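Chemist: Following this message is one structure expressed as structure tokens.
Please treat every number below as a calculation from the coordinates, not as lab data. Just so it is clear, the structure is predicted and the values come from calculations on it, not from any experiment. For neighbour counting, all protein chains shown are included, and Cβ atoms are generated from backbone atoms with ideal geometry for every residue, glycine included.
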Amino acid sequence: MKWRQLPLGPLQTNCYIYSNEEKECLIIDPGGDANKLTNILQQQHLKPVAILLTHAHFDHIGAVDDIRNKWKVPVYVHKNEKDWLTDPSLNGSQFFMAGAVKVSAADELIKSEGTLTIGNFSLQVYETPGHSPGSISFYAVEAGIVFSGDALFAGSIGRTDLPGGNHEQLIKSIHDKLLTLPEDTLVLSGHGPETSIELEMERNPFLNGF
């Protein structure tokens with residue numbers, strides 16, 4: 001399995017292309033710049049099989065419809081944010097200068113933790129709310145990576161001052177779900193550089209003393 005980080009959209013949100021040897025791929029959090037993302041996929045002869053959303057804030061969903069419609073693939077989001085894709089007041093876009101962001105409703109709702117199998121891909125889903133009520137993280141066991149969305153960053157954590165945010169809940173999510181992963185697990189966040197569980201356990205100032 002291979003992965004590529006691609007900052008997209010008005011806030012340069014990290015989109016991830018997670019691909020296998022058959023040139024199939026999952027698109028995680030396509031935040032915008034659909035033409036740029038499409039060109040890269042075509043240049044690398046990659047075929048998306050699904051779009052996964054760690055959560056439905058506007059800066060993570062901007063290119064959803066373009067990619068979905070071009071490749072005819074399903075979009076997955078947690079059930080707690082099923083209405084956010086179509087509602088700028090929920091996805092936060094109405095509060096920012098970027099303008100209202102609305103995309104079509106998700107095709108598949110993730111209703112609980114467990115194994116998510118899509119074609120030849122298998123991911124463990126962890127509910128990691130706090131940044132938003134439907135925030136989830138996708139753990140690729142064999143690859144040793146976790147797509148943490150805006151829950152955990154290198155040296156920081158997600159903001160909790162947006163609708164549905166809860167600081168105490170986020171801290172608990174990180175400790176109970178993410179920091180229990182193997183320490184060498186690579187953390188691929190929604191913003192900024194990659195990090196590891198070990199580094200965040202040792203150095204993240206928001207997690208010390210919990």
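Chemist: Restricted to the stretch 100-123, and to residues that are in a strand (DSSP E or B) and small (Gly, Ala, Ser), which residue is farthest from residue 56 (Cα to Cα)? Give the steps one after another, and end with the answer.
Modeler: Residues of the stretch 100-123 in a strand (DSSP E or B): 108-110, 114-118, 121-123.
Still in the running and small (Gly, Ala, Ser): 114, 122.
Numbers: 114: 20, 122: 21 Å.
In this case the residue turns out to be 122.
Chemist: Going through the stretch 42-84 one residue at a time, which ones are basic (Lys, Arg) and part of a helix (DSSP H, G or I)?
Modeler: Of everything in the stretch 42-84, those that are basic (Lys, Arg) and part of a helix (DSSP H, G or I) turn out to be 68, 70, 79.
Chemist: Report, ordered by the first and then the second residue, all pairs with beta carbons closer than 7 Å, sequence separation of six or more or different chains, a first member in the stretch 118-134 that is on the phi > 0 side of the Ramachandran plot, and a second member that is surrounded by 19 or more Cβ atoms within 10 Å (Cβ to Cβ) and hydroxyl-bearing (Ser, Thr, Tyr).
Modeler: 130/173
Chemist: If the requirement is being among the charged types (D, E, K, R), under 18 Å from residue 204 (Cβ atoms) and not in a loop (DSSP other than H, G, I, E, B), which of these qualifies: 168, 183? Give the derivation first.
Modeler: On the way: 183 fails: not in a loop (DSSP other than H, G, I, E, B).
Only one candidate qualifies: 168.
Results for (1) out of contact with any helix residue (DSSP H, G or I) (no Cβ under 9 Å at 6 or more places or on another chain); (2) surrounded by fewer than 21 Cβ atoms within 10 Å (Cβ to Cβ), shown as yes or no for each residue.
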position	(1), (2)
5	yes, yes
12	no, yes
32	no, no
44	yes, yes
72	yes, yes
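Chemist: Can you pull out the residues in the stretch 187-210 that are hydrophobic (A, V, I, L, M, F, W, C), surrounded by 17 or more Cβ atoms within 10 Å (Cβ to Cβ) and farther than 19 Å from residue 57 by Cα? Can you show your working first?
Modeler: Start the filter on the stretch 187-210 by keeping residues that are hydrophobic (A, V, I, L, M, F, W, C), which leaves 187-188, 197, 199, 201, 206-207, 210.
Those left that are additionally surrounded by 17 or more Cβ atoms within 10 Å (Cβ to Cβ): 187-188, 197, 206-207.
Selection gives 187, 197, 206, 207.
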